[in-house]
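Okay, so here's the structure we're looking at.
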Amino acid sequence: MQDEILLREDQGAIATLTLNTPGSLNALSTAMLTRLQDSLDALADDDTIRVVILRGAGKVFCAGHDLKEMTAMRQAEDGGKAAFRALFDQCARMMQTIPRLPQPVIAQVHGIATAAGCQLVASCDLAVAAEGTKFGVNGVNIGLFCSTPMVALSRNVPRKQAFEMLTTGQFISAERATELGLINRAVAPSTLEAETLKLAELLASKLGSAVKIGKQAFYEQIQMPLGDAYAYTGEVMTQNMLARDTEEGISAFLEKREPEWQ
């Protein structure tokens with residue numbers, strides 16, 4: 001239904017989640033975070049879906065937290081302290097769910113992605129943006145340093161560039177975001193949807209169990225010392241090799257035929 005704040009549309013093995021509050025620039029309100037969390041949790045158990053696309057309705061992708069909602073929280077006796085902490089904890093949980101999801105998640109970005117909206121892009125596994133999109137962690141401009149968005153940003157962008165974005169509040173272009181590694185590519189606005197779907201279809205064409213294993217291993221090993229990472233991924237590849245579909249995939253390659261995966 002179009003009046004839902006978060007829409008889900010499935011196209012074969014690809015699920016598209018659309019932030020659908022364009023009037024608030026798709027702000028990450030408490031309600032939006034709840035809906036995102038519920039949808040991601042449902043997708044984690046959905047074996048029919050191999051790739052997830054995350055996009056925003058209207059003129060922008062996402063402008064971050066809902067400042068009007070946060071201002072209203074100040075009416076509590078503690079000045080909003082408990083509500084603020086609950087909001088940031090809820091947001092952190094949702095952001096961490098994305099890399100833990102079995103399926104790759106692609107951010108389809110247009111307009112702007114600011115503050116927690118930029119954090120959302122950085123939390124996704126892949127990102128495709130329209131040329132002309134602006135990215136920023138600009139909370140410092142209103143006296144609120146983007147400390148939680150910094151976590152995802154600093155794990156995508158080189159340290160000095162991330163610090164510059166955080167302390168100056170200045171926006172970067174889609175082209176610069178590509179150079180820094182925040183997004184995978186910038187494309188013409190007219191081809192954004194098609195290019196994102198093309199990438200999603202390519203991922204969905206791969207053996208789902210292998211991608212699931214690989215995504216989990218990617219995020220696990222990247223946090224480990226070099227020796228531990230090799231030991232861990234060696235075991236992952238061993239288990240992967242023992243899978244029936246992997247055996248079939250290798251046999252099909254050697255026999256120069258299409259694999260018959262189950």
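The values are calculated or read from the model by the stated rules, or taken from the named source; none is laboratory data. Note that the structure is a prediction, hence the values are computed from the model and not measured. Every residue, glycine as well, gets a Cβ built from its backbone with ideal geometry; the counts of neighbours run over all protein chains shown. Just the protein is used for accessible areas: all its heavy atoms, side chains included, with ligands, DNA and RNA removed. Shrake-Rupley method; radii C 1.70, N 1.55, O 1.52, S 1.80 Å.
Is the shape of the stretch 97-197 best called rounded, prolate or oblate, per the rule: a/c under 1.5 gives rounded, else a/b larger than b/c gives prolate, else oblate, with a ≥ b ≥ c the square roots of the Cα gyration tensor eigenvalues? Taking the square roots of the gyration eigenvalues as a ≥ b ≥ c, the stretch 97-197 is oblate. More than 16 angstrom separation, counting every C-alpha pair in the stretch 184-262; what % is that? Pairs farther apart than 16 Å: 64 percent.
If you average the alpha carbon positions of the stretch 1-57 and of the stretch 206-223, how far apart do those two centres end up, in angstrom? Cα centres, the stretch 1-57 to the stretch 206-223: 22 Å.
Between 27, 107, 204, the GNM of the chain built on Cα springs shorter than 10 angstrom shows 204 fluctuating the most. When the residues 85, 257 are ordered by accessible surface, computed with a 1.4 Å probe over the protein chains alone, the sequence from largest down reads 85, 257. When the residues 150, 70 are ordered by accessible surface, computed with a 1.4 Å probe over the protein chains alone, the sequence from largest down reads 150, 70. According to the square roots a ≥ b ≥ c of the eigenvalues of the Cα gyration tensor, what is the shape class of the stretch 149-203, taking rounded for a/c under 1.5, prolate for a/b larger than b/c otherwise, and oblate for the remainder? Taking the square roots of the gyration eigenvalues as a ≥ b ≥ c, the stretch 149-203 is prolate.
By a 1.4 Å probe calculation restricted to protein chains, residue 3 has an accessible surface near 110 Å², given to the nearest 10. Computed on the chain, with alpha-carbon pairs under 8 angstrom and 6+ residues apart, the relative contact order is 15 percent. For the chain, build the charge dipole from Cβ charges (+1 Lys, Arg; -1 Asp, Glu) around the Cα centre, then report which of 210, 183, 16 sits farthest towards its positive end. Result: 183.
May I ask which of 68/134; 68/198; 81/215; 134/198 have a Cα-Cα span longer than 32 Å here? With Cα atoms farther than 32 Å apart: 68/198; 81/215. Taking the alpha-carbon centroid of each part, what is the distance from the stretch 131-186 to the stretch 228-259 in angstrom? Distance between centres, Cα-based: 38 Å. Report summary: the helix-based calculation at 222 nm, which adds -39500 (n - 2.57) for every DSSP H run with n ≥ 4 and divides by the residues of the chain, gives -15000 deg cm²/dmol. Look at (i) 16.1; (ii) 23.3; (iii) 21.3: the one that is mean projected area of the Cα convex hull in nm² derived from this structure is (i). For a test of the definition: using alpha carbon positions, the gyration tensor, and the 1.5 limit on a/c, classify the stretch 1-157 as rounded, prolate or oblate. It comes out prolate by the Cα gyration axes. When the surface is traced with a 1.4 Å probe over the full set of protein chains, residue 251 keeps roughly 40 Å² accessible. Electrostatic bookkeeping for residue 215 treats Lys and Arg as +1 and Asp and Glu as -1; over the other residues with beta carbon under 10 Å from its beta carbon, the sum is 0. Among 228, 47, 245, the sequence by solvent-accessible area, most first, with a 1.4 Å probe is 47, 228, 245. Note on residue 198: accessible area approximately 130 square angstrom, rounded to 10, probe 1.4 Å, nucleic acids and ligands left out. Just checking the listed ones, 231, 194, 15: in the Gaussian network model of the chain with Cα springs under 10 Å, the one fluctuating most is 231.
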